[in-house]
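Only one structure is covered here, and it is reproduced in the block below.
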Amino acid sequence: MPASASQFSLCKVHFDSYSFGALSIDGVTYDYDVLIDRGSISKRQKKKSKPFRDAYGHTPLSAEEAIPWTCRRLVVGTGAAGALPIMDEVIREAEWRGVEVVALPTEDALDLMRDSPADTNAVLHVTC
């Protein structure tokens, strides 16, 4: 079900640095994919997407995962080379929820998050 406007909040995190395999946010370095949900940072749990790996050549972002939908915009950092696949079901779910999905290589995704974080959540892939 779509979120109401009162459920949104400003995503205020500080992105310190990013390089292949590591992302530093608010002074903490993460060597795994992360979710940012209204300023809260957690590890991406991609186990439910692993069955789709063979079809995509990489574990994709699937609608089976816990995606941080309480936002108006979901930024997906697709890795250093932009290799993270996003399944069509994710895009359809976003449309149903009224959430804009912006998929960019992770470095570009971080720039976008720095420039306009309001009502924005993220899935950030740190490798490929």
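The values are calculated or read from the model by the stated rules, or taken from the named source; none is laboratory data. Nothing here was measured: the structure is a model prediction, and the numbers come from that model. Because the Cβ atoms are built from the backbone with ideal geometry, glycine has one as well, and the counts that use them run over all protein chains shown. These accessible areas exclude ligands, DNA and RNA; they are computed on the full protein's heavy atoms, side chains included. Shrake-Rupley method; radii C 1.70, N 1.55, O 1.52, S 1.80 Å.
Residue-by-condition table, conditions (1) assigned to a strand (DSSP E or B); (2) open to solvent by less than 10 Å² (accessible area, probe 1.4 Å); (3) hydroxyl-bearing (S, T, Y):
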site: R53; (1), (2), (3): no, no, no
site: A63; (1), (2), (3): no, no, no
site: W69; (1), (2), (3): no, no, no
site: G77; (1), (2), (3): yes, yes, no
site: A94; (1), (2), (3): no, yes, no
site: R114; (1), (2), (3): no, no, no
site: L124; (1), (2), (3): yes, yes, no
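Against the list (1) crowded, with 18+ Cβ neighbours inside 10 Å; (2) modelled with pLDDT of 95 or more, the condition D119 fails is (2). Per the listing S49, S116, the residue uniquely hydroxyl-bearing (S, T, Y) and within 23 Å of H14 (Cβ to Cβ) is S116.
Let's see how each residue does on (1) out of contact with any Leu (no Cβ under 6 Å at 6 or more places or on another chain); (2) charged (D, E, K, R); (3) open to solvent by less than 10 Å² (accessible area, probe 1.4 Å):
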| position | (1), (2), (3) |
| --- | --- |
| I25 | yes, no, yes |
| L35 | yes, no, no |
| R38 | yes, yes, no |
| K47 | yes, yes, no |
| G57 | yes, no, no |
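Scanning region 44-64 for residues that are without any contact (Cβ under 8 Å) to a residue 24 or more places away in the chain and within 24 Å of A118 (Cβ to Cβ) yields a count of 0. Figure legend. Inter-residue proximity from region 13-40: first residues in a strand (DSSP E or B), second residues among the acidic types (D, E), beta-carbon distance below 7 Å, spacing 6+ or different chains. Indicated pairs: Y18/E107; A22/D31; S24/D16; I25/D16.
Can A81 be described as open to solvent by 50 Å² or more (accessible area, probe 1.4 Å), farther than 26 Å from D16 by Cβ and over 13 Å from the mean Cα position of the chain (by Cα)?
On the way: open to solvent by 50 Å² or more (accessible area, probe 1.4 Å): yes; farther than 26 Å from D16 by Cβ: no; over 13 Å from the mean Cα position of the chain (by Cα): yes.
Answer is no for this residue.
Each residue in region 82-126 was checked for being over 18 Å from A66 (Cβ atoms) and polar (S, T, N, Q), and 2 pass.
Kindly provide the set of residues from region 100-112 that are of a type outside the set (G, A, S), at pLDDT 95 or above and open to solvent by 30 Å² or more (accessible area, probe 1.4 Å), ordered by number. Of everything in region 100-112, those that are of a type outside the set (G, A, S), at pLDDT 95 or above and open to solvent by 30 Å² or more (accessible area, probe 1.4 Å) turn out to be E100, V101, L104, P105, E107, D108.
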